[in-house]
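Report on the following structure.
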Amino acid sequence: MLSDGNVLKLNTEVYGGPILYTWFDRPLSIAGRVILKSDDPLNPVSRLVKIDRPVLTIPHLAIHFNRAVNEGNPLSKQKDMLPVIAKLNEAAEKNNFVLNLVAKELGVDPKEIIDFDLSLYDTTKACTVGADNEFLTSGRIDDLEMAHAAITALLESKSGAMTRVAAIFDNEETGSGTKQGACSPVFTNILRRINDCIGGTDETYLRAVASSFMISGDNAHGVHPNYVEKQDPTNHPVLGNGPVIKINANCKYMTDAESAAVFKTICDRAGVPCQFFVNHSDVAGGSTLGNKLTSQIELRGVDMGAAQWAMHSARECAAVADVDYTIAAFTEFFNV
């Protein structure tokens, strides 16, 4: 889309439920998947692309044009959130601008590109903050922190007779309803294939499921120093005080008394502190993957996560100590 002065902006769509205003005035770039032509029409070539330099920004309107901006500023996803990508010399240059940019990055002919799934990302690097570097600030901590902990623990745990699985799903922020989401049969199908590969039967599979336990790791809301009243009056998870067991009376989480006891015992064995999170009764919370997976497979399990601030901001904040605590708890779980 071309604006005054041949300034080119992209027509974008918002994914999930972000805190929109945190995306303003940041150095942004493009990453995703590009689909190229192949000899087999049913199997085109898929390439990943990540432009490792800032190429876009979403400039905020100056306060001089909206003096009431700090009193509340409703945003339109279609108007306010469009990123600027270039100042063109000629209007004609806007044609296939992104396609040509991506093709150049991949070193391919633009005519070879059929389609792409591209997203914007904040190019600002993750870093630690705090007098003793006790906090971690980064994009997408929710839920890459749990994904990192799960894979690290799987690699660091002992091998044994037990089948250990770390499952990481896509599209949780939009309902998990895709073929690679937690509401699809992909997890059940993979477990059945593992069972088949070791010579199992339907009965051995069902017995294995019945004796299994799942930790559903999705970050939790730590008590915010400026908004303590948003938390439940008696449950205040603190950043840096260990993993958080999440409980909901309306079954938004899969945790019950038994599964909470299992995870707390695992934390005790690992020498890791743990905490509890319950939503403030007047503030609706989000759900996670635990209760979605149990619609596909009847697993026992617990919902938990590391405490964090600014969930769904372009820049979230968590505690460095909780990364180590969670890895230790997950490793102990895989070693049970």
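The values are calculated or read from the model by the stated rules, or taken from the named source; none is laboratory data. Remember, predicted model here, so these are calculated numbers, not experimental data. No Cβ is skipped: glycine too gets one built from the backbone with ideal geometry, and neighbour counts run over all protein chains shown. Surface accessibility is based on the protein's heavy atoms, side chains included, excluding ligands, DNA and RNA. Shrake-Rupley method; radii C 1.70, N 1.55, O 1.52, S 1.80 Å.
Ignoring ligands, DNA and RNA, please state the percent of accessible area on the chain from carbon and sulfur, probe 1.4 Å. Mind showing how you got there, number by number?
Working: 10160 of 19080 Å².
Carbon and sulfur together cover 53 percent of it.
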- What nm value, rounded to one decimal, do you get for the distance between Asn95 and Lys158 when each label is placed 7 Å out toward the C-beta? 6.8 nm
- Folded to 0 to 90 degrees: helix 97-106 orientation relative to the chain principal axis, Cα: 60 degrees
- Message: Antiparallel versus total DSSP beta bridges in the chain: what percent is that, nearest 5?
- Response: 75 percent
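For the range 109-221, rounded, prolate or oblate, judged on the Cα gyration tensor with a ≥ b ≥ c (square roots of eigenvalues), a/c < 1.5 rounded, else prolate if a/b > b/c?
Values: a/c = 2.39, a/b = 1.35, b/c = 1.77.
Oblate shape, in that a/c is at least 1.5 and b/c is the bigger or equal ratio.
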- Query: How about Lys125: which lysines have a C-alpha closer than 18 Å to its C-alpha, ignoring those fewer than 8 places off in the same chain?
  - Reply: Lys50
- Name the residues of the range 87-111 whose amide N is less than 15 Å from a point 7 angstrom out from the Cα of Ser29 along the C-beta direction? 101-107
- Item | Nearby aspartates and glutamates by direct alpha-carbon distance to Lys37 (threshold 16 angstrom, same-chain neighbours under 8 apart not counted) | Asp109, Glu112, Asp115, Asp117
- Task: Report Rg (one decimal) and Dmax (nearest whole number) for the range 214-311, counting Cα atoms only, units Å.
- Result: 13.0, 40
- Query: So which aspartates and glutamates pass the test for Lys94, namely a Cα distance under 14 Å, with those fewer than 8 places away in the same chain ruled out?
  - Reply: Asp4
- Query: Which stretch or stretches of the range 145-185 have amide N atoms under 17 Å from the point lying 7 Å from Arg269's Cα along the Cα→Cβ direction?
  - Reply: 153-165
- Message: A 24 angstrom limit on the alpha carbon distance is what I want to check against. Which of Lys158/Lys264; Lys79/Lys111; Lys79/Lys179 exceed it?
- Response: Lys79/Lys111; Lys79/Lys179
- Query: Distance from the Cα centre of the range 125-187 to that of the range 316-336, in angstrom?
  - Reply: 11 Å
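Figure the gain on full extension for Leu206 and Ser3 (residue separation times 0.36 nm, minus the Cα-Cα span) and round it to one decimal in nm.
Values: separation 203, 0.36 × 203 = 73.08 nm, distance 6.03 nm.
Contour length minus Cα-Cα distance gives 67.0 nm.
Expressed in nm to one decimal, what extension gain is obtained for the pair Asp39 and Arg67 from 0.36 nm per residue of sequence separation less their Cα-Cα distance? Walk me through the numbers on the way to the answer.
Working: separation 28, 0.36 × 28 = 10.08 nm, distance 5.80 nm.
Here the answer is 4.3 nm.
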- Note on the structure: Tilt, helix 257-270 to longest principal axis of the chain (alpha-carbon atoms), in degrees rounded to tens, equals 90 degrees
- Dimensionless Rg/Rh of the range 1-98 - Kirkwood Rh, Rg from C-alpha atoms: 1.06
- Area of Met1 that stays accessible when all protein chains are in place (1.4 Å probe, Å², to 10): 100 Å²
- Which option, [x] -0.55, -1.37, -1.60; [y] -0.77, -1.14, -1.25; [z] -0.74, -1.33, -1.41, is the value of log10 I(q)/I(0) by the Debye sum over Cα atoms at q = 0.10, 0.15, 0.16 Å⁻¹ that was calculated from these coordinates? [z]
- Please calculate the 1.4 Å probe accessible area of Tyr253, with all protein chains present, and give it to the nearest 10 Å². 20 Å²
- Task: Using only Cα atoms, tell me the angle between helix 320-335 and the longest principal axis of the chain; keep it within 0 to 90° and round to the nearest 10.
- Result: 50 degrees
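Which is the longest part of the chain that has none of the GluC sites (Glu not before Pro) sitting in a DSSP loop with at most 12 other Cβ atoms within 10 Å?
Numbers: sites that count: Glu13, Glu90, Glu298.
Longest site-free region, per DSSP loop and neighbour criteria: 91-297.
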- Got a number for the accessible area of Cys197? Probe 1.4 Å, square angstrom, nearest 10. 120 Å²
- Message: If I measure Cβ to Cβ between cysteines in the chain, which ones have no partner under 4.7 Å?
- Response: Cys127, Cys183, Cys197, Cys251, Cys317
- Query: Around Asn96, what is the net charge, scoring Lys/Arg as +1 and Asp/Glu as -1 over all other residues with Cβ under 15 Å from its Cβ?
  - Reply: -3
- Given a Förster distance of 56 Å, the FRET efficiency implied by the Cβ-Cβ spacing of Val84 and Val165, rounded to the nearest 0.05, works out to 0.80
- Heavy-atom accessible area ranking, 1.4 Å probe, most first, across Leu48, Leu61: Leu48, Leu61
- Over all alpha-carbon pairs of the range 280-336, lay out the pair-distance distribution in 5 Å bins, whole %, shortest bin first. 4, 13, 15, 20, 23, 16, 8, 1
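Can you pull a Stokes-Einstein diffusion coefficient for the range 137-283 at 25 °C (0.890 mPa s), Rh from Kirkwood over Cα pairs, as a whole number of µm²/s? Please report the intermediate quantities before stating the final value.
On the way: Rh = 17.7 Å.
Translational diffusion coefficient: 139 µm²/s.
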